[in-house]
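Student: Below: one structure in structure tokens.
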Amino acid sequence: MLRRALLALLLLVPSFAGAQSKSSVLLISFDGFRSDYAERYEARNLIAMGKRGVTAKAMLPSFPSTTFPNHYTIVTGMYPAHHGIVENSFWDPKIQARFQFSDAKVAYDTRFWGGTPLWVLAEKQGLKAACYFWPGSDYEIQGTRPTYWYNYDGKVTNQTKADQIIAWLQLPEDKRPRFMTMYLADVDHEGHAYGPDAAETRKSVQDVDQVLGDLLARIDKTGVPVDVIVVSDHGMIKVEGNIDLGKFTSFEGLRTVGGGNDFKIYSDGTPEANAKLDKVYADLKKAEDGRFGVYRQSEIPKELHYTGNARIGDVVVLALKPIALTVTDPNRPPRQGANGGPRSTHGFDVARVPEMKAIFYAAGPDFKQGITIDEFENINVYPLIARILGLKITHKIDGDLKVLAPILK
Ligand code: AMP
Ligand code: ZN
Ligand code: ZN
């Protein structure tokens, strides 16, 4: 009785009620969910969510269209060259260490991670953050972690993640996170193994869509106001074949990292290494054939925003068509798809390979209802979320609130 009276009072007092209705933001990533998958594979919950809120025709990944660079761009508002996670793997000449996304023992080094991810921005300004996975969320960045977080473990089921999101939302307000992330690997996984056109990939789209539908229904029941944003990091395409760079030159005496969509070559700066680098550059340049480009870092096309960071390499080979760059190593044959053919993949420049386009859907109390917007760059998600949460951005980022402000009420 008393509770009901109190509740009625809360609803009557506008300032009190206003303070109560501050939304949490839930940022969900469907890794490798290509921009055409929702329609093509009938992701009805995702489409319905967009119809209640906002659907973007596509979201443009930053270059390179790989997982760690783009997830970290989405939560920092910076291009990979600026936030520092320039690839899933790279060499850092200053730290003298190799970043490898799948090896937490090296990736936890705070010096790799630039920018201010949203969970750090939130925590520093007094809001709680909670991540059920997101690249970087299980490491200390600027001495800060989300209040709630987990070490990455690919075996955790989506059901477990969804249950935890609901449990977080049911916490009392002083413990409840205002910024949350959830990460689902299924679609990327099946896309690599079976290709974007496969029945297995369709099924993975249906699976994550079901997880989304169930989660949205449960969020509704909590009565907590939540702005839900569903994004992906990149798309997926069948690979047309391999190009063995070792046929054109020898990389001996130089450090190399990469393969697939790009191949990075680093000189240690000694005259001998620099001379070798010049030779490698000249050899590869002669072999350029329209399927790959060879660049000194300063020559990388400006539109890629991929320069000004030693981690990118002194000379870089970029795949310009959906091919896989390799250097024959009898111990490490090129990776194959589930059916024995080349593995489908991503990482390419979205302007050359539109199959790299990603998704953006949003719905909740702070979003306009039933609008469709043009494609936009993923650097712009950060200032949008900061605005919803009332977080001040005082450092320089690449994204601009102007791009997505029109989708807010
Ligand atoms: P990619 O090689 O670019 O396709 O990367 C996708 C893979 O990254 C996923 O299948 C996961 O295994 C892995 N992954 C995603 N998030 C994380 C994370 N936070 N920590 C470690 N590995 C991750
Ligand atoms: Zn990915
Ligand atoms: Zn992938």
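Student: Looking only at region 90-104, decide whether some residue is crowded, with 24+ Cβ neighbours inside 10 Å and near ligand 1 (Cβ under 10 Å from one of its atoms). Spell out the reasoning first.
Tutor: Within region 90-104, the first condition is being crowded, with 24+ Cβ neighbours inside 10 Å, and the residues that meet it are 90, 99.
Still in the running and near ligand 1 (Cβ under 10 Å from one of its atoms): none.
There is no residue in region 90-104 that is crowded, with 24+ Cβ neighbours inside 10 Å and near ligand 1 (Cβ under 10 Å from one of its atoms).
Student: The conditions are (1) out of contact with any Asp or Glu (no Cβ under 8 Å at 6 or more places or on another chain); (2) more than 13 Å from ligand 1 (Cβ to nearest atom), and Phe63 fails exactly one of them. Which is it?
Tutor: (1)
Student: Please list, ordered by first then second residue, the pairs with beta carbon atoms under 6 Å, 6 or more apart or interchain, first in region 156-175 and within 20 Å of Ile229 (Cα to Cα), second assigned to a loop (DSSP other than H, G, I, E, B) and of a type outside the set (Gly, Ala, Ser).
Tutor: Here the result reads Trp168/Pro177; Leu169/Val224, each pair linking region 156-175 to a residue that is assigned to a loop (DSSP other than H, G, I, E, B) and of a type outside the set (Gly, Ala, Ser).
Student: Collect the residues in region 369-399 that are open to solvent by 60 Å² or more (accessible area, probe 1.4 Å) and farther than 20 Å from Lys124 by Cα, keeping them in residue-number order.
Tutor: Within region 369-399, Gln369, Thr372, Asp374, Glu375, Glu377 meet the criteria.
Student: Could you list all residues from region 352-376 that are under 18 Å from the mean Cα position of the chain (by Cα), more than 16 Å from ligand 2 (Cβ to nearest atom) and in a loop (DSSP other than H, G, I, E, B)?
Tutor: Quick first cut of region 352-376, residues under 18 Å from the mean Cα position of the chain (by Cα) only: 353-362, 375-376.
Adding the requirement that they be more than 16 Å from ligand 2 (Cβ to nearest atom) leaves 354, 361-362, 375-376.
Across region 352-376, the qualifying residue is only Glu375.
Student: Taking only region 267-310 into account, find how many residues are open to solvent by less than 70 Å² (accessible area, probe 1.4 Å), outside any loop (DSSP other than H, G, I, E, B), without any contact (Cβ under 8 Å) to a residue 12 or more places away in the chain and not small (Gly, Ala, Ser).
Tutor: 1
Student: From (1) within 16 Å of ligand 3 (Cβ to nearest atom); (2) closer than 26 Å to Gly364 by Cα; (3) more than 18 Å from the chain's Cα centre (by Cα), pick out the condition that doesn't hold for Thr157.
Tutor: (1)
Student: Could you tell me whether Leu389 is away from ligand 2 (no atom under 16 Å from the Cβ) and farther than 30 Å from Leu215 by Cβ? Please lay out each step first, then the result.
Tutor: Details: away from ligand 2 (no atom under 16 Å from the Cβ): yes; farther than 30 Å from Leu215 by Cβ: no.
The answer is no for Leu389.
Student: So, of the residues in region 105-126 that are touching a residue at least 60 places away in the same chain (Cβ under 8 Å) and out of contact with any helix residue (DSSP H, G or I) (no Cβ under 6 Å at 6 or more places or on another chain), which turns out to be surrounded by the most Cβ atoms within 10 Å (Cβ to Cβ)?
Tutor: Trp119
Student: Quick one: how many residues across region 50-86 are away from ligand 2 (no atom under 16 Å from the Cβ) and either surrounded by fewer than 24 Cβ atoms within 10 Å (Cβ to Cβ) or among the β-branched types (Val, Ile, Thr) (or both)?
Tutor: 12
Student: For the condition among the hydroxyl-bearing types (Ser, Thr, Tyr), within 16 Å of ligand 2 (Cβ to nearest atom), at pLDDT 95 or above and more than 17 Å from Glu42 (Cα to Cα), what is the one hit in Tyr281, Tyr266, Tyr183? Before you say what the answer is, go through the steps one by one.
Tutor: Details: Tyr281 fails: within 16 Å of ligand 2 (Cβ to nearest atom); Tyr266 fails: within 16 Å of ligand 2 (Cβ to nearest atom).
Every option except Tyr183 fails the conditions.
Student: Among the residues that make up region 326-342, is at least one of them in a loop (DSSP other than H, G, I, E, B) and among the hydroxyl-bearing types (Ser, Thr, Tyr)?
Tutor: So the first thing to find is which residues in region 326-342 are in a loop (DSSP other than H, G, I, E, B), and the list is 327-335, 337-341.
Filter again for among the hydroxyl-bearing types (Ser, Thr, Tyr), leaving 328.
Within region 326-342, one or more residues are in a loop (DSSP other than H, G, I, E, B) and among the hydroxyl-bearing types (Ser, Thr, Tyr).
Student: Against the definition (of a type in the set (D, E, K, R), surrounded by fewer than 20 Cβ atoms within 10 Å (Cβ to Cβ) and away from ligand 2 (no atom under 16 Å from the Cβ)), how does Lys175 come out, yes or no?
Tutor: Numbers: of a type in the set (D, E, K, R): yes; surrounded by fewer than 20 Cβ atoms within 10 Å (Cβ to Cβ): yes; away from ligand 2 (no atom under 16 Å from the Cβ): yes.
It is true that Lys175 is of a type in the set (D, E, K, R), surrounded by fewer than 20 Cβ atoms within 10 Å (Cβ to Cβ) and away from ligand 2 (no atom under 16 Å from the Cβ).
Student: Is it the case that region 254-268 has a residue that's more than 17 Å from Thr345 (Cβ to Cβ) and more than 31 Å from the chain's Cα centre (by Cα)?
Tutor: Taking every residue of region 254-268 in turn, none turns out to be more than 17 Å from Thr345 (Cβ to Cβ) and more than 31 Å from the chain's Cα centre (by Cα).
Student: If you don't mind, another one. Just the residues that are in contact (Cβ under 8 Å) with a residue 60 or more places away in the chain and assigned to a loop (DSSP other than H, G, I, E, B), please, taken from region 391-409. Quick ask: steps written out before the conclusion?
Tutor: Here is the first cut: in region 391-409, the residues in contact (Cβ under 8 Å) with a residue 60 or more places away in the chain are 391-393, 395, 397-399, 407.
Correct list: Leu391, Lys392, Ile393, His395, Ile397, Asp398, Gly399.
Student: Condition first: without any contact (Cβ under 8 Å) to a residue 60 or more places away in the chain and of a type outside the set (A, V, I, L, M). Now tell me which residues in region 216-239 satisfy that. Walk me through it before giving the result.
Tutor: Initially, region 216-239 is screened for residues without any contact (Cβ under 8 Å) to a residue 60 or more places away in the chain, giving 217-218, 220-223.
Those that are without any contact (Cβ under 8 Å) to a residue 60 or more places away in the chain and of a type outside the set (A, V, I, L, M): Arg218, Asp220, Lys221, Thr222, Gly223.
The values are calculated or read from the model by the stated rules, or taken from the named source; none is laboratory data. Just so you know, these numbers come straight off a predicted model, no measurement behind them. Glycine also receives a Cβ, built like all others from the backbone with ideal geometry; neighbour counts cover every protein chain displayed. When the accessible area is computed, the model is the full protein with side chains, heavy atoms only, and any ligands, DNA or RNA have been set aside. Shrake-Rupley method; radii C 1.70, N 1.55, O 1.52, S 1.80 Å.
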